[in-house]
Amino acid sequence: MIFIDFALNETKSDAMLAFRLFFQPWRWRKGKEINNLKRRLKTRFFSSDSSIFFFLTGRAALYQYLSSLGLKKGDEILVQGFTCEAVVLPILELGFKPVYVDVNSSDFSMSIKDVKNKYTSKAKAMLIQHTFGITPTDRKELIEFANKHSLHIIEDVAHGFDPNIFRSKRYPGAVLMSFGRSKSFSSVFGGAIAVRGVRSGKSVRAVEKNIPNPSVWILLQTIFYKIHSVIIKSTYDIFLGKIIHFLFKQLYLMMPEVTKKEKNGHFNFMFLATYPNIAAIFMHAQLDRFNDVLTQRKKTSYIYDAKLGTSISRGQGLLRYPFLCENPNELQTLLKKHRIQTGRWYSQVVAPPELDLLNVDYIRGSCPIAESLCKRVLNLPTHISVRDAKRILNLLP
């Protein structure tokens with residue numbers, strides 16, 4: 001079975017590492033690996049004057065960063081349609097107002113044209129999303145607009161990003177990262193905020209040190225996921241993996257990526273916790289393979305571009321490849337019969353589809369391009385071989 005969102009980067013070596021760590025509980029919460037990981041990420045992706053702060057999830061990182069900016073209740077945050085609850089719920093919980101900006105159909109990211117239409121003097125921050133890992137077409141203009149109007153800039157790279165884009169000392173604002181299980185590199189749980197300069201991160205640093213530790217149950221789920229995900233993937237085609245997957249979800253040994261509380265439109269405070277050392281250990285293992293994974297994603301994205309006659313990937317290794325068609329649900333069902341799992345990021349302007357848009361203050365019709373894309377987009381996997389990519393292409397209409 002080819003998966004698109006389940007244990008993308010997990011290998012037998014990850015499972016063996018998790019098995020060994022199960023018997024080393026003194027390394028679960030605290031250890032040297034956390035600071036080592038900060039240094040490694042900084043060296044690999046960011047400028048020398050950057051500071052990085054870790055939290056249990058990306059949404060927790062966003063919550064803490066927004067709360068550090070000194071904004072007032074009712075202040076507006078510019079976000080794009082074609083996003084998810086992890087972006088919007090922290091904004092609402094803090095008493096701010098999300099202002100939904102339409103996207104460009106070419107890159108699924110924020111349109112500078114619609115920013116100019118939606119901007120008011122109440123806007124205090126702009127969240128620029130690198131959807132699927134694509135560098136936004138309007139990024140330069142968005143940053144210039146934000147600087148002109150003194151808006152805080154947050155670049156959301158949870159889906160992935162050009163590894164060289166933030167190496168310059170000129171990048172503005174903050175960078176939001178996610179290490180969730182469906183991301184380019186995963187420690188099951190985890191998120192980070194990177195900012196330039198000591199002063200910029202002073203208040204975030206204080207929060208990072210004083211928030212509570214995650215529960216033992218979350219730590220155990222982190223370990224279990226690394227182990228059972230490999231077992232599930234390797235036995236899925238003989239039905240055993242499906243049974244194991246079902247049982248683990250029923251026994252709550254596998255926490256859903258979006259909790260029931262979040263699907264109901266409420267921020268989940270359970271995730272406001274520190275990033276555990278055991279997750280940092282897993283991240284080091286993921287980063288050891290990052291270049292190989294990125295190279296493979298680039299190859300697959302290029303093959304999709306060439307065959308489909310597009311230039312969506314722009315030479316980047318996308319987390320998922322967006323394919324537009326008239327009946328994505330029907331095509332998804334067809335591909336599943338061929339043991340190919342695809343995705344629907346995003347089938348609703350603020351995902352997941354179970355979320356009531358009224359609960360996140362979205363007015364239907366306010367982002368028509370995003371709404372149109374949601375009806376037609378199907379995500380193709382990119383962490384696959386060239387042979388599998390060609391097999392998928394042969395099944396597309």
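Being outside any strand (DSSP E or B), at pLDDT 95 or above and within 19 Å of N379 (Cα to Cα) is not true of D114. The residue list F161, F145 contains one member that is within 23 Å of the chain's Cα centre (by Cα) and closer than 24 Å to V88 by Cβ, which is F161. Regarding E93, is this residue over 17 Å from the mean Cα position of the chain (by Cα), closer than 25 Å to L294 by Cα and at pLDDT 95 or above? So E93 fails the test.
For the stretch 20-62, a tally of residues being closer than 26 Å to M255 by Cβ and touching a strand residue (DSSP E or B) at 6+ places or on another chain (Cβ under 9 Å) returns 15. Does the stretch 252-274 contain at least one residue that is surrounded by fewer than 19 Cβ atoms within 10 Å (Cβ to Cβ), of a type in the set (A, V, I, L, M) and closer than 25 Å to K337 by Cα? For the stretch 252-274, residues surrounded by fewer than 19 Cβ atoms within 10 Å (Cβ to Cβ), of a type in the set (A, V, I, L, M) and closer than 25 Å to K337 by Cα: absent. The C-beta contact set for the stretch 1-15 (first residue not assigned by TED's automatic domain parsing to the domain that holds T333, second residue surrounded by fewer than 18 Cβ atoms within 10 Å (Cβ to Cβ) and polar (S, T, N, Q), distance under 9 angstrom, 6+ apart or interchain) comprises M1/Q341; I2/Q341; F3/Q341; I4/Q341; D5/Q341; F6/Q341; K12/S234. The residue pairs whose first member lies in the stretch 282-293 and is charged (D, E, K, R), whose second member is surrounded by 15 or more Cβ atoms within 10 Å (Cβ to Cβ), and whose beta carbons are closer than 9 Å, counting only pairs six or more residues apart or on different chains, are R289/N9; R289/T11; R289/F185. Within the stretch 108-123, the set of residues being crowded, with 21+ Cβ neighbours inside 10 Å and not hydroxyl-bearing (S, T, Y) comprises F108, M110, D114, V115. Residue pairs whose Cβ atoms lie under 6 Å apart, sitting 6 or more positions apart in sequence or on different chains, and linking a residue in the stretch 361-376 that is modelled with pLDDT of 95 or more to a partner that is among the charged types (D, E, K, R), are C367/D102; I369/D102; A370/D102.
I need the full set of residues from the stretch 187-206 which are of a type in the set (A, V, I, L, M, F, W, C) and surrounded by 19 or more Cβ atoms within 10 Å (Cβ to Cβ), in order please. Of everything in the stretch 187-206, those that are of a type in the set (A, V, I, L, M, F, W, C) and surrounded by 19 or more Cβ atoms within 10 Å (Cβ to Cβ) turn out to be V188, F189, A192, I193, A194, V195, V204. Residue selection: P352 fails the criterion of being crowded, with 22+ Cβ neighbours inside 10 Å and not β-branched (V, I, T). Once the stretch 58-117 is narrowed to residues that are touching a Lys or Arg at 6+ places or on another chain (Cβ under 9 Å) and among the aromatic types (F, W, Y), the residue that is nearest to A192 (Cα to Cα) is F96.
Among the residues of the stretch 373-386, the ones that are crowded, with 16+ Cβ neighbours inside 10 Å and either out of contact with any Lys or Arg (no Cβ under 8 Å at 6 or more places or on another chain) or of a type in the set (D, E, K, R) (or both) come to 3 in all. From the residues in the stretch 1-56 that are assigned to a helix (DSSP H, G or I) and among the acidic types (D, E), which one is surrounded by the most Cβ atoms within 10 Å (Cβ to Cβ)? Top of the filtered list is D14.
The values are calculated or read from the model by the stated rules, or taken from the named source; none is laboratory data. The model shown is predicted, which means the values in this text are computed figures rather than measured ones. Please note: Cβ atoms are built from the backbone with ideal geometry, for glycine as well, and neighbour counts cover all protein chains shown.
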